[in-house]
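Step one of this worksheet: look at the structure below.
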Amino acid sequence: MKPTRRPVNPCFSSGPCAKRPGWSPAALSAALVGRSHRSAIGLAQCVEVIERSRALLRIPADYKVGIVPASDTGAVEMALWSLLGARGVDLLSWENFGETWVDDVVNHLKLPDMRHLGAPYGRLPDLSQVDTDRDVVFVWNGTTSGVRVPNGDWIAADRKGLTICDATSAAFAMRLPWPKLDVVTWSWQKALGGEAAHGMIALSPRAVERLESYTPPWPLPKIFRLTAKGKLIEGIFRGETINTPSMLCIEDALDSLRWAESVGGLDGCVARAEANLAAVAAWVERAGWVEFLAEDPATRSCTSPCMTITAPWFTALAPDARFATSRRMLARLDKEGVGYDLATHRASPPGIRVWTGATVETSDVEALLPWLDWAWAEESDAAKAA
Ligand SMILES: Cc1ncc(COP(=O)(O)O)c(C=O)c1O
């Protein structure tokens with residue numbers, strides 16, 4: 001039977017993610033559109049984004065935080081291209097985005113001393129093999145497999161290398177052990193439900209030291225440059241962005257940061273995301289036709305849990321047919337207007353991915369899940385009839 005209860009907000013995309021509850025374009029009415037980001041008032045807004053982010057994420061006072069171009073990808077790329085090459089590097093990957101950074105370093109930077117520690121979708125590489133006296137590149141949460149690192153215990157406190165952490169689907173939903181992280185990147189479009197195209201980067205004092213003592217042998221476009229004449233460009237970390245930001249997006253970022261503060265800051269955001277994951281986990285237990293892609297419960301993502309379909313008739317299908325079937329099933333939710341963008345990433349095993357970050361209400365996750373059972377029953381009936 002078709003459920004009667006519908007999610008108030010049917011947006012479950014893993015990026016751009018659901019706006020905060022109650023958001024409407026009216027939230028942007030005070031945006032400084034048409035004003036220079038370098039005017040006193042414009043610059044103050046950029047600084048406010050930086051300082052509210054620092055406070056919410058509990059970033060240590062001696063870390064530099066800046067707004068950078070090209071979303072999280074821009075922030076990661078500027079870190080890789082500015083910092084790597086000074087020592088050997090361990091590259092970790094267990095899903096699409098980690099693999100993207102591996103590809104960058106292996107095929108484009110072509111560093112002489114690299115180790116790749118990889119794992120298939122659903123698992124983590126053996127973190128005990130990581131040598132943090134080398135540089136390390138990894139994602140905190142693998143958005144396309146729903147597998148996160150459980151903690152930073154595998155990172156040595158007295159390491160010699162830099163840890164470069166893509167935390168875009170973790171920040172504002174998971175706790176990050178800042179002393180273990182030298183470069184952390186994220187974008188507003190994920191757990192804050194902000195807008196895309198702007199990234200943020202946080203640098204530890206050791207990362208700054210590397211930037212000021214090491215010059216990579218390759219050219220760097222202006223858009224990636226964090227130093228000038230061997231010195232950190234301090235202005236970037238005082239709100240003076242490398243190029244022009246959208247003042248509409250800045251206003252939206254401030255709106256989302258204020259909202260995050262209003263629900264209890266980081267603790268409140270983490271609790272909201274974990275409650276959403278718990279709702280999904282309870283459903284997986286009772287549904288009987290899905291299981292988490294993440295094999296170890298300690299690694300299950302509280303923002304992008306991914307589920308595979310275990311029904312024998314489905315697993316017996318050829319890979320293409322599994323993709324087509326799962327997407328057809330999810331299209332039923334789209335058509336009903338009760339759940340959008342729930343397919344796993346194109347690089348992942350076919351299945352379901354529900355964005356469960358802090359901007360998603362647990363009541364909406366709970367309202368969605370019976371619709372998944374309904375869509376699956378419809379799809380199974382259609383398959384049997386065919
Ligand atoms: C782990 C991870 N890294 C990088 C990206 C790319 O982010 P953006 O499109 O904001 O650059 C994503 C987007 O989903 C992601 O999940």
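What to note about this one:
- Of all residues in the range 117-171 being part of a strand (DSSP E or B), in contact with a Ser or Thr (Cβ under 7 Å, 6 or more places away or on another chain) and over 14 Å from residue 294 (Cα atoms), the one that is nearest to the ligand (Cβ to nearest atom): 166
- Complete set of residues in the range 212-238 that are touching a strand residue (DSSP E or B) at 6+ places or on another chain (Cβ under 8 Å) and surrounded by 15 or more Cβ atoms within 10 Å (Cβ to Cβ): 226, 232, 233, 236, 237
- The single condition among (1) out of contact with any Cys (no Cβ under 7 Å at 6 or more places or on another chain); (2) within 14 Å of the ligand (Cβ to nearest atom) that residue 193 does not satisfy is (1).
- Total residues in the range 212-233 satisfying the condition of being in contact (Cβ under 8 Å) with a residue 40 or more places away in the chain and within 17 Å of residue 50 (Cβ to Cβ): the figure is 2.
- Counting only helices (runs of 4 or more DSSP H) that sit completely within the range 255-342, those holding 1 or more residues that are closer than 19 Å to residue 3 by Cβ correspond to 265-287, 319-336.
- Listed conditions (1) assigned to a helix (DSSP H, G or I); (2) within 16 Å of the ligand (Cβ to nearest atom) are all met by residue 54, apart from (2).
- Any chance residue 355 is in a helix (DSSP H, G or I) and in contact (Cβ under 8 Å) with a residue 60 or more places away in the chain: no
- Boolean, residue 75 is within 16 Å of the ligand (Cβ to nearest atom), part of a helix (DSSP H, G or I) and in contact with a Pro (Cβ under 9 Å, 6 or more places away or on another chain): yes
- Of everything listed in (1) modelled with pLDDT of 95 or more; (2) crowded, with 18+ Cβ neighbours inside 10 Å, the single unmet condition for residue 349 is (1).
- Looking across the range 85-99 at every residue that is in contact with a Ser or Thr (Cβ under 8 Å, 6 or more places away or on another chain) and assigned to a helix (DSSP H, G or I), the one that is nearest to the ligand (Cβ to nearest atom) is identified as 97.
- Of residues in the range 179-211 being free of Cβ contacts under 8 Å to residues at least 40 places away in the same chain and in a loop (DSSP other than H, G, I, E, B), the one surrounded by the fewest Cβ atoms within 10 Å (Cβ to Cβ): 181
- So residue 166, is it of a type in the set (Asp, Glu), closer than 14 Å to residue 76 by Cα and crowded, with 23+ Cβ neighbours inside 10 Å: yes
- When we screen 84, 80, 124 for residues that are aliphatic (A, V, I, L, M), within 19 Å of the chain's Cα centre (by Cα) and within 15 Å of residue 163 (Cβ to Cβ), the only hit is 80.
- Scope the range 7-44; condition buried (at least 16 other Cβ atoms within 10 Å of the Cβ) and either more than 22 Å from the chain's Cα centre (by Cα) or aromatic (Phe, Trp, Tyr) (or both); matching residues: 7, 12, 23, 27, 28, 31, 32, 37, 42, 43
- Residue within the range 248-257 that is closer than 22 Å to residue 140 by Cβ, surrounded by 19 or more Cβ atoms within 10 Å (Cβ to Cβ), among the polar types (S, T, N, Q) and in contact with a strand residue (DSSP E or B) (Cβ under 6 Å, 6 or more places away or on another chain) present: no
- Exclusive hit being in a loop (DSSP other than H, G, I, E, B) and away from the ligand (no atom under 16 Å from the Cβ), set 34, 15, 42: 34
- Residue 291 falls short on exactly one of the conditions (1) without any contact (Cβ under 8 Å) to a residue 24 or more places away in the chain; (2) among the acidic types (Asp, Glu); (3) exposed (fewer than 14 other Cβ atoms within 10 Å of the Cβ), and that condition is (3).
The values are calculated or read from the model by the stated rules, or taken from the named source; none is laboratory data. This is a predicted model, so every value here is computed, not measured. Heads up, the Cβs are rebuilt from the backbone with ideal geometry, glycines too, and the neighbour counts pull from every protein chain shown.
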